[in-house]
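One structure below.
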Protein chains: 2
Amino acid sequence: MTDATHDPARRSWVPGADRHTDFPIQNLPFGIFSPNGSDRRGGVAIGDWIFDLREACAAGLFNGVADDAALAAAGPTLNAFVALGTAHRRALRHALSFLLDSKGEGRACTEKLAEKLLHKAESCTLHLPCAIGDYTDFYAGIHHATNVGTLLRPDSPLMPNYKYLPVGYHGRASSVRVSGPAVRRPNGQRKRPEEAEPSFGPSRSLDYELELGFWIGPGNALGQPIPIARATDHLVGLCLLNDWSARDVQGWEYQPLGPFLAKSFHTTISPWIVTAEALEPFRTSAMARAAGDPAPLPHLADPADQDEGGFDIALDVLIQSAAMRAANRAPHRLATSNARHLYWTASQMIAHHASAGCNLTAGDLLGSGTISGPTHEECGSLLELTRGGREPVTLPGGETRRFLEDGDEITLTARCTRDGAVPIGFGPCRGLISAAPP
Amino acid sequence: MTDATHDPARRSWVPGADRHTDFPIQNLPFGIFSPNGSDRRGGVAIGDWIFDLREACAAGLFNGVADDAALAAAGPTLNAFVALGTAHRRALRHALSFLLDSKGEGRACTEKLAEKLLHKAESCTLHLPCAIGDYTDFYAGIHHATNVGTLLRPDSPLMPNYKYLPVGYHGRASSVRVSGPAVRRPNGQRKRPEEAEPSFGPSRSLDYELELGFWIGPGNALGQPIPIARATDHLVGLCLLNDWSARDVQGWEYQPLGPFLAKSFHTTISPWIVTAEALEPFRTSAMARAAGDPAPLPHLADPADQDEGGFDIALDVLIQSAAMRAANRAPHRLATSNARHLYWTASQMIAHHASAGCNLTAGDLLGSGTISGPTHEECGSLLELTRGGREPVTLPGGETRRFLEDGDEITLTARCTRDGAVPIGFGPCRGLISAAPP
């Protein structure tokens with residue numbers, strides 16, 4: 001599945017775009033940015049720089065299918081680009097790799113335009129890569145589902161449906177934001193068990209959830225399911241996703257129709273779409289089923305997906321409190337996990353989502369569900385780490401946390417490493433908690 | 001609250017736009033249509049005709065704020081129009097009423113342009129009035145929640161939260177369609193209690209749900225709640241909504257995160273936005289609380305909303321099977337209900353939705369939840385009418401139904417009548433069930 005764009009010998013002439021970055025020439029993720037307050041356009045992260053697709057189009061650097069793709073990616077969103085599908089995206093990736101390669105024939109014409117084509121990432125504003133039509137959040141992290149289920153139902157933590165279908169629910173698209181802006185603590189109705197009535201006020205148990213996001217394109221027509229063997233045609237790429245959750249609001253509101261305001265106040269994603277192509281070297285088998293687990297029903301079963309439908313992506317959760325910032329303490333790692341711990345693959349989620357006829361559209365976003373690992377150090381939320389708030393974690397400096405406090409900053413990171421491949425990352429997914437509205 | 005646009009003496013010069021229509025001059029609902037295969041633009045239903053807002057703008061028929069509003073409504077969606085808010089919408093309504101009034105000074109200049117301005121509705125295609133950003137479905141019909149809860153939990157049908165907050169969940173925006181296109185029976189995972197494992201196939205218990213839709217504009221910024229006293233500023237108008245539901249799929253998939261594929265395969269709405277202004281004469285008090293019911297918490301309490309936050313809208317559900325069509329039998333009324341049976345008002349749903357900081361955006365759609373009344377004849381779904389499929393209903397001609405069969409057409413209708421007011425309607429919300437994909 002790998003090709004020249006993954007060649008570990010390939011280096012970029014862009015200064016600093018070497019192996020000590022999330023964005024070497026082997027990555028080439030797509031996003032939407034504004035350089036220095038200018039208008040939104042498509043770009044590609046390379047080292048500490050952003051390569052400007054609109055300027056590159058204007059300079060005539062692309063041909064044929066790659067040029068069509070770059071024009072569609074010129075902005076202000078990538079929806080038209082992701083709607084084109086895999087062949088266009090792959091052609092543009094190849095053209096970019098050729099133009100940015102230190103030894104390629106494309107270097108000469110590109111490097112002399114560098115001042116126009118390259119923007120220092122720190123001087124740019126990043127935006128949502130697509131206007132999100134619909135956002136769906138799955139629940140495919142089996143260790144998370146088990147941990148949370150155990151808090152509620154120690155004897156039968158997983159629902160009977162869990163191993164037959166990827167459980168998911170519709171989320172809120174309007175409140176998805178890229179890494180950066182403050183996350184306002186929500187007000188909401190909460191009721192402690194000993195209270196007779198609920199009250200309305202700031203959430204007392206604000207949490208993060210470590211997830212991956214799957215960007216969708218081109219999608220399907222209403223009433224036309226996507227066969228599992230074709231599901232990868234609709235996976236554009238991945239991002240990190242923090243599904244902020246107000247546990248007290250969730251506990252009171254969620255019966256019988258599921259999470260609502262406990263989740264919809266804000267969702268943070270990392271701004272770059274790390275493409276399915278860039279992730280090819282880091283594909284792995286789907287999670288092995290345990291003895292006694294049911295085989296997937298036919299519409300969710302695909303041998304190729306079982307062989308290479310998973311992703312080997314190491315994930316970290318970092319916290320830095322206001323006191324830690326004031327004391328110049330570095331962010332503290334709360335947990336480490338890996339995308340291998342997802343029970344269902346991205347293809348299974350896509351095929352399931354469309355199986356009843358629901359139309360997926362270019363620019364839709366799917367969340368994986370919280371990705372916890374089998375050990376306590378791999379818990380993807382505070383709810384799990386602190387066992388429902390009963391066992392606080394201690395931070396450097398001696399503070400403790402049951403749930404998040406105002407001023408806490410949570411950062412999710414992702415890193416792909418494998419023998420023979422240049423490591424790639426996703427860039428940070430960051431949000432700092434601010435006080436609830438009065 | 002009423003003004004000259006509601007004057008029952010006012011008649012339109014448009015032929016047939018008299019009192020025997022859903023769309024007299026007192027209604028003036030907004031929508032998006034294409035005349036004879038031409039491109040999409042904004043229009044207003046008047047009798048059997050559609051008044052073309054783009055042509056009216058081009059002819060210079062509007063001034064000032066009304067002209068700004070009509071320009072924003074020119075198409076291809078009404079999102080920019082509903083984002084302008086109440087004052088603009090009201091100004092355009094007044095201008096239209098003046099232009100279409102048989103005795104108004106605007107008649108002369110308008111009627112001579114009638115050939116350009118008016119299209120026979122039957123020759124036009126109707127579209128979604130807005131590109132729906134997010135669709136949320138509430139559960140505010142207390143009789144429905146009680147009926148459904150009784151099937152599952154006879155002793156405590158309503159959840160403890162029900163009377164404290166308007167329970168709702170995020171729905172699927174991409175699969176909302178206007179009245180007309182066939183509704184394809186979904187495939188899905190279903191499991192009968194006596195079966196050891198689920199199987200995948202066509203839903204065996206397809207149902208309709210009688211709901212109202214609330215169109216939202218302008219909306220709020222992320223993190224900025226909408227006080228209940230300002231909620232009406234964000235209610236553009238209403239439509240009918242059929243929340244098609246696959247009960248067997250729902251029963252298997254919905255724990256613990258709520259309805260997903262059982263609902264997202266298709267949602268049908270009536271195409272016209274019947275404005276909050278047109279509905280002013282049909283406002284009524286919110287549902288009276290029973291003894292022992294909790295008072296709404298402060299963020300959901302507003303005396304004005306209690307006095308006139310409800311709507312008196314009579315609702316009907318009609319069915320016509322393939323056999324009935326073949327025998328030329330008229331559609332049969334399955335149920336009749338009224339919007340007065342909603343426990344929560346539109347303002348309470350809007351204020352609640354934004355209370356944790358979630359941003360509502362212009363063109364969002366909220367569903368009310370199924371509107372059943374207190375008697376069995378007022379059940380808004382087959383699940384309730386047939387008591388979970390146990391007591392089939394008999395159709396004219398002798399057929400029976402536990403749930404919907406292929407070929408069945410369901411039509412929802414709405415009618416507002418009140419002494420001293422000209423009755424208005426919504427137009428039909430119609431969908432015919434077609435067979436599941438192979």
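The table below lists the values:
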read-out: Charge context of B:Ser321, other residues only, Cβ under 11 angstrom, K/R +1, D/E -1; value: -2
read-out: Cα centroid of region B:202-278 to Cα centroid of region A:3-81, whole Å; value: 40 Å
read-out: Selected from A:Gly188, A:Tyr254, A:Gln224, residue furthest toward positive end of dipole (region A:173-292; charges at beta carbon); value: A:Gly188
read-out: Sparse-neighbourhood loop sites, trypsin sites (Lys or Arg not before Pro) in region B:1-41 - DSSP loop, at most 12 other Cβ within 10 angstrom; value: B:Arg19
read-out: Region B:198-269: chymotrypsin sites (Phe, Trp or Tyr not before Pro) in DSSP coil with no more than 12 other Cβ atoms inside 10 Å; value: none
read-out: Mean Cα-pair separation over length for region A:134-196, i.e. relative contact order, pairs under 8 Å, 6 or more apart, %; value: 39 percent
read-out: Percentage relative contact order, region A:313-438, counting C-alpha pairs under 8 Å, at least six apart; value: 27 percent
read-out: Cut-off under 5 Å, modelled amide H: who pairs with B:Val183 long-range; value: B:Leu432, B:Ile433, B:Ser434
read-out: Rounded to the nearest 20 debye, dipole of the protein assembly as shown from Cβ charges on Lys, Arg, Asp, Glu; value: 160 debye
read-out: Sequence-distant residues sharing a close amide H with A:Val178 (under 5 Å, placed H); value: A:Leu128, A:Ile269
read-out: Position A:Ala326, label points 7 Å along Cα→Cβ, spacing to each other copy in nm (shortest first, one decimal); value: 8.0
read-out: For region A:362-392 and region A:114-153, distance of Cα centres in Å; value: 14 Å
read-out: Calculated P(r) tail over 17 Å for region B:94-151, as whole % of Cα pairs; value: 68 percent
read-out: Members of region B:172-203 that become less accessible by 20 Å² or more once partner protein chains are added (1.4 angstrom probe, chain alone as reference); value: B:Arg172, B:Ser174, B:Arg177, B:Arg184, B:Asn187, B:Gln189, B:Glu197, B:Pro198, B:Phe200
read-out: Nearest-20 debye value, region B:280-347 charge dipole, Cβ charges on Lys, Arg, Asp, Glu; value: 600 debye
read-out: Restricting region B:62-127 to GluC sites (Glu not before Pro) in coil, as DSSP defines it, with at most 13 other Cβ within 10 Å; value: B:Glu105
read-out: Positive-end residue, the protein assembly as shown charge dipole about Cα centroid, Cβ charges, pick of A:Ile46, A:Thr400, A:Pro281; value: A:Ile46
read-out: Residue (of B:Leu365, A:Ser205, A:Gly369) at the positive-pole extreme of the protein assembly as shown, dipole from beta-carbon charges; value: B:Leu365
read-out: Of all accessible heavy-atom area on the protein assembly as shown, the percent that carbon and sulfur account for (1.4 Å); value: 52 percent
read-out: Chain A Cβ-axis minimum, rotational copy B, residue and distance in Å; value: A:Gly258, 1
read-out: Other protein chain Cβ atoms within 10 Å, averaged over every residue that makes up B:350-356; value: 6
read-out: Across the identical copies, how the B:Ser434 labels are spaced - nm, sorted shortest first, 7 Å along Cα→Cβ; value: 4.9
read-out: Tensor-based shape of region A:12-122 (alpha-carbon gyration tensor, a/c under 1.5 rounded, otherwise prolate or oblate); value: rounded
read-out: Charge dipole (debye, nearest 20) of chain A; +1 at Cβ of Lys and Arg, -1 at Cβ of Asp and Glu; value: 520 debye
read-out: Interface burial for B against A (accessible surface, 1.4 Å probe, total of both chains, Å², rounded to 100); value: 5500 Å²
read-out: Summed side-chain charge close to B:Phe282 - residues other than B:Phe282 whose Cβ falls under 12 Å, Lys, Arg +1, Asp, Glu -1; value: -1
read-out: Accessible area (Å², per residue) of the protein assembly as shown, counting only protein heavy atoms and a probe of 1.4 Å; value: 35 Å²
read-out: Lysine pair count for chain A [Cα-Cα under 28 Å; pairs on different chains or 8 or more apart]; value: 6
read-out: Total formal charge among the other residues, if their Cβ is under 12 angstrom from that of A:Thr386, Lys/Arg +1 and Asp/Glu -1; value: +2
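The values are calculated or read from the model by the stated rules, or taken from the named source; none is laboratory data. Worth saying up front: this structure is predicted, and the values here are computed from it rather than measured. Because the Cβ atoms are built from the backbone with ideal geometry, glycine has one as well, and the counts that use them run over all protein chains shown. Heavy atoms of the whole protein, side chains included, go into the accessibility calculation; ligands, DNA and RNA do not. Shrake-Rupley method; radii C 1.70, N 1.55, O 1.52, S 1.80 Å.
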